[in-house]
Every structure is written in structure tokens, then in C-alpha cells.
Amino acid sequence: MINKFCYLSFIIGITCIVTIAAEEAEATRVPAWGRMYAAGNVIPGAHIAIERGNEALVLSAAPSLELIVWKPVLPATAPLDLGFQAMGRVALPLRGAGTQLGFGAGGSVHLGLRGLELPLSEYLDRVDLFARLGLGYALTQSDGPGFVGYSYSGFNYFLSERL
């Protein structure tokens, strides 16, 4: 049943990720290779996409809220952040589908490029690569309500240390 609801998504919009940085109570050593998040950060966001599947074409918007729950630290490196995410979804028909509503929850992983000392590091240090995978429930589908799987990936670019 999940296969009926899988979509091939082309993200053409924006990913609005604003980080609410959590202050750490005590000073800690900054890893040589790391990222912009800390455990406890809350990340509100949204993405807009054109999705295609089963001869249908829809324009979707999906607001989300993510909580970073764990940042594994290895000696001198801390490139990964793991989190949980809750999201909603609304899709407007462009061709061959009806309006769709849904919600879901899943996990996320972020990979930071901060501190790698690569060419163009002054720009790459602010890049955050991410992937999300989860399970949702479609409230309105042309085939009726049901469970759906979702996944998407992309990158965030931080304008400053806190934004």
C-alpha cells in the first residue's frame, strides 16, 4: 500500500530553516570538524515542492519542526547531528489529482562541513547537508486515506553563526 503513495519529488522551492540556538551552560572544547547545531536545538522549517506520481502532478508545502536530540562526538570530530521531526503537508493539484492533506513524523541526520579546511572553506563551513526519513498519514488521497512513507534531502546554508 505504501508503494501507491510514494512520490518522486523535485524540490523547486525554498527550504526555510531557522535555527534557534541553544546556549550551553558550560564551556566545551570545539571539535576540529563539526557543525552548527547543538543537542536541544529546535529547528522550524518548511519546504515547497512539485511532486509527480501515478500520472498526477501537485504543488506541495510541508511545514516542519525538528528537535536535535543527539550529537555524537568522536575524538576531534563531531560532524553528525541526529534528530526527530514532525511535519504537515498540503498539496494542491496541478494535473490529475485532488487536494491532499497529511502529517508525519520521522528521523533526521545532519552532516556539517565546518572546520574541514577545504578550498573555499570560508563558504563551505556554513553548509549543512541533511536527510530525513519518516512515516506519515494521508488524510485525503484520491485512493482514500492511508499510511505513506516520505524522504527528502538537501542542504542549509547559515548566514551567520546563529542564523
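Bear in mind these aren't lab numbers, they're just calculated from the coordinates by the rules spelled out. It should be emphasised that the depicted structure is a prediction, and the values quoted were computed from it without experimental measurement. Here Cβ is always computed from backbone atoms with ideal geometry, including for glycine, and neighbour counts include all displayed protein chains.
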Could you list which residues have their amide H under 5 Å from that of Ala78, counting only those 5 or more apart in sequence or on another chain, with H placed in the peptide plane?
Trp33, Gly34
So what J values fall out for the stretch 65-72 if you push phi through Karplus, 6.51 cos²θ - 1.76 cosθ + 1.60 with θ = phi - 60°, rounded to Hz, Gly and Pro as x?
9, 10, 10, 6, 10, 8, 10, x
Residues with amide H under 5 Å from that of Thr140, placed H, sequence gap 5 or more
Leu101
Placing unit charges on C-beta atoms (Lys and Arg positive, Asp and Glu negative, everything else neutral), compute the dipole magnitude of the stretch 98-163 about its Cα centre in debye, rounded to 20.
160
Simple Cβ-charge dipole of the stretch 35-137, Lys/Arg +1 and Asp/Glu -1, about Cα centre, in debye nearest 20
200
Hey, can you rank 57-70, 88-101 by average C-beta count inside 10 Å, highest first?
57-70, 88-101
